[in-house]
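What follows is calculated from the coordinates using simple rules that are stated; it is not laboratory data. Owing to the predicted nature of the structure, the values given are computational and were not obtained by experimental measurement. All Cβ positions, glycine included, derive from the backbone under ideal geometry; neighbour counts span all protein chains shown.
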Amino acid sequence: MIIRTLFAKLALALTLLLLGIGILYALLSSSLAHHYQQQFLQSLNRDLAEHLVTERKLVNGGVLDPHALKDTFQHYMMVNPSIEIYLLDENGNILSYSADPGQVKRDHVDLQPIQEFLRGREFPLLGDDPRSFERRKVFSATRIPRAGQPPAYLYVVLRGQEYERIEQLFQNNFLLQLSGTALLVSLLVGLVFGLVLFRLLTRRLHSLARLMRDFSASNFTRHSRWPEHPRRDDEIERLGKHYNSMAEHIQEQLEALKKQDELRRELVANVSHDLRTPLAALHGYIETLQLKANQFDAETRSEYLDIALQHSRRVTRLVDELFELAKLDASELQCQREPFAVAELVQDVIQKFRLPAEEQGVTLDMQGDAALPFVDADIGMIERVLENLIGNALQHTAAGGEVSVVLKAGEDTVQVEVHDNGSGIPPEELPHIFHRFYRAGNKERSDHHAGLGLAIAQHIVMLHGGIIEVSSEVGAGTRFSFSLPVWQA
Ligand SMILES: Nc1ncnc2c1ncn2[C@@H]1O[C@H](COP(=O)(O)OP(=O)(O)OP(=O)(O)O)[C@@H](O)[C@H]1O
Ligand SMILES: [Mg+2]
């Protein structure tokens with residue numbers, strides 16, 4: 001049979017433990033009682049042998065009186081059958097005895113305990129029982145001097161049937177019975193209390209196990225919380241708290257996965273839409289050119305070709321951006337960090353945008369600290385970020401406006417800011433502009449931008465351990481900022 005619940009296991013263990021304690025106690029107390037009984041008996045009869053010798057006048061004029069001895073034996077056989085008297089020579093050989101001759105098996109007993117007895121060693125002392133080869137019993141003994149011979153010993157074995165009596169002792173002894181009952185009752189009470197306690201403790205564990213089972217049965221979607229008790233702090237409570245945070249974590253992860261999945265679908269839909277539009281246009285212009293090439297004059301043909309080329313650039317751009325994002329997502333793109341002067345890079349990028357800015361009538365310049373430390377970053381990536389930020393600023397700034405890149409030295413960073421005094425972004429749209437394919441309402445739907453630039457820029461800045469921040473006011477302008485780590489030589 002397999003015990004399935006912790007409570008049953010604990011209950012079984014407790015029962016066995018208490019049973020063991022009970023048995024051990026009974027064995028111990030019986031052996032102690034036996035020991036005490038023997039000690040008591042021997043102390044009580046310490047001088048019995050000596051008294052026998054003096055009172056019964058066993059020694060007469062330095063010689064052992066055989067008649068007196070025989071008298072004594074017979075007397076005690078009748079008066080006190082529970083003692084047996086033996087006369088031993090100096091080597092322990094039995095010379096004569098009071099007991100029934102048929103029952104005495106030994107003809108010799110060990111003298112050592114007798115000598116210890118005479119020297120006054122602590123009781124109980126056990127000597128050989130001549131009636132058996134194995135049994136040992138408490139005794140009393142005395143030395144009997146014999147004229148011209150080594151002394152003999154009177155050896156009195158106490159309580160012939162002592163073993164049988166000791167059993168009776170337990171039945172008759174009120175104290176022992178009482179302590180036995182007390183033990184039994186306290187063990188039972190202990191068992192009951194233990195079981196109640198175990199039940200209380202395992203009940204919480206049981207309910208925690210049920211919570212976990214329900215959670216996993218609901219496919220990790222429904223999480224009933226473990227009711228936390230701030231004042232309790234045991235393993236079960238901690239387990240419960242860990243379960244709560246684990247379950248929340250699992251749910252968050254599942255939510256994130258779901259969201260990611262939705263985002264992926266949206267992305268695919270956006271990508272197909274954004275690719276289809278320029279491709280259809282491209283297709284249309286080329287087809288028209290092919291069909292009506294002869295009817296068009298050179299100028300119209302070149303105009304059609306220009307438009308087709310624009311659409312083709314748009315597709316290329318989109319595919320490039322998507323590819324870049326995918327690489328950033330897969331963390332394949334590691335930054336190739338190197339020390340460089342960020343002001344020089346900014347100048348280069350501004351140079352690229354100078355012509356379109358002039359055409360647009362927008363001034364484009366760099367401001368800020370003159371002496372800046374080298375930064376430690378990936379030049380290509382940072383160039384990409386600057387291109388997008390400056391490109392965005394120019395797109396949203398009307399003629400007569402101003403776009404400037406401001407550089408500031410921080411503690412161990414260089415702060416890069418792109419300011420414009422263009423259209424600005426409405427506050428409700430600000431949180432979304434870093435999302436993929438998000439284009440704010442300030443932008444015409446038909447323009448050539450996919451809404452990926454800021455998503456890429458944010459990713460790149462994060463790869464460099466920074467964050468990109470934006471502040472904007474509609475009609476007043478926009479400011480993007482991020483910081484780059486200073487190169488430590
Ligand atoms: N300086 C700015 N002023 C006003 N609006 C801005 C500015 N920069 C970004 N935006 C808004 O944030 C949106 C997202 O910018 P993002 O650079 O991600 O996309 P995009 O420029 O439209 O497309 P792409 O960069 O992929 O060519 C833009 O569509 C625009 O509406
Ligand atoms: Mg952009």
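Which length gain, in nm to one decimal place, applies between T221 and T316 when the Cα-Cα distance is subtracted from 0.36 nm times their residue separation?
This chain segment gains 29.9 nm when fully extended.
Please list the radius of gyration and Dmax for the chain, considering alpha-carbon atoms only, with Å as the unit.
54.6, 171
Per residue of segment 69-80, what does 6.51 cos²θ - 1.76 cosθ + 1.60 with θ = phi - 60° give for ³J(HN,Hα)? Whole Hz please, x for Gly and Pro, Karplus curve as stated.
Ordered by residue, 3J(HN,Hα) equals 4, 4, 4, 4, 3, 4, 4, 6, 4, 7, 6, 9 Hz.
When a footprinting reagent is the concern and you count Cβ atoms within 10 Å, what order do I94, I3 take, fewest first?
Going from least to most buried by this count: I3, I94.
What is the distance, in nm, between label points placed 7 Å from the Cα along the Cα-to-Cβ direction at Q336 and at A256?
Distance between the two pseudo-spin positions: 3.1 nm.
Among V268, V157, what is the fewest-to-most ranking by other Cβ atoms within 10 Å?
Starting with the residue having the fewest Cβ neighbours, the order is V268, V157.
Could you work out how far helix 235-292 tilts from the main Cα principal axis of the chain, as a 0 to 90 degree angle to the nearest 10?
It works out to around 20 degrees.
Can you list residues whose amide H is under 5 Å from I144's amide H, if they're 5+ apart or on another chain and H is modeled 1.01 Å from N?
Excluding prolines and chain starts, which carry no amide H, the hits are A152, Y153, L154.
With axes computed from alpha carbons, what is the tilt in degrees of helix 342-360 against the longest principal axis of the chain, rounded to the nearest 10 within 0 to 90?
Result, in degrees: 40.
Residue by residue, what Karplus-based ³J(HN,Hα) values in Hz, rounded to whole numbers, does segment 190-202 have, using 6.51, -1.76 and 1.60 with θ = phi - 60° and x for Gly and Pro?
x, 4, 4, 4, x, 5, 4, 4, 4, 4, 4, 5, 6
Could you pull out every one of the lysines with an alpha carbon less than 25 Å from that of K105, ignoring same-chain neighbours closer than 8 positions?
Within the straight-line cut-off, K105 pairs with K70, K137.
Based on the alpha-carbon set only, what is the convex hull volume of segment 253-328 divided per residue, in Å³?
Cα-based convex hull of segment 253-328, divided per residue, equals 67 Å³.
Once every DSSP H run of n ≥ 4 in the chain is given -39500 (n - 2.57) and the sum is divided by its residues, what mean residue ellipticity at 222 nm do you get, rounded to the nearest 500 deg cm²/dmol?
-19000 deg cm²/dmol
First select every other residue whose beta carbon is under 13 angstrom from the beta carbon of Q253; then total the charges, Lys and Arg +1, Asp and Glu -1.
Value of the local net charge: -2.
What is the ratio of the Cα radius of gyration of segment 75-146 to 2.2 N^0.38 Å, where N is its residue count, to two decimals?
In units of the globular-protein estimate, segment 75-146 measures up at 1.09.
From Cα pairs below 8 angstrom and at least 6 apart in sequence, can you work out the relative contact order of segment 334-485, rounded to a whole percent?
The value is 25 percent.
For segment 380-489, run through the trypsin sites (Lys or Arg not before Pro) and keep only the ones in DSSP coil with at most 13 other Cβ atoms within 10 Å of their Cβ.
R445
With an 8 Å Cα cut-off and a minimum separation of 6 or more residues, compute the relative contact order for the chain in percent.
9 percent
Treat the count of other C-beta atoms within 10 Å as a stand-in for reagent exposure and order D128, D100 from fewest to most.
Lowest count first: D100, D128.
Which GluC sites (Glu not before Pro) does segment 58-144 hold that lie in a coil by DSSP with at most 15 other beta carbons within 10 Å?
E90, E122, E134
Mind listing which chymotrypsin sites (Phe, Trp or Tyr not before Pro) in segment 92-136 are in a DSSP loop and have 11 or fewer other Cβ atoms within 10 Å?
Answer in residue order: F133.
Percent of Cα-Cα pairs per 5 Å bin, from 0 to the last occupied bin, for segment 1-42, please list those.
Once binned at 5 Å, the Cα pair distances of segment 1-42 give 5, 21, 13, 14, 10, 10, 9, 6, 6, 4, 3, 0.
Enter the angle in degrees (range 0 to 90, nearest 10) between the Cα long axis of helix 379-395 and the first principal axis of the Cα atoms of the chain, meaning the one along which they spread out most.
The angle comes out near 50 degrees.
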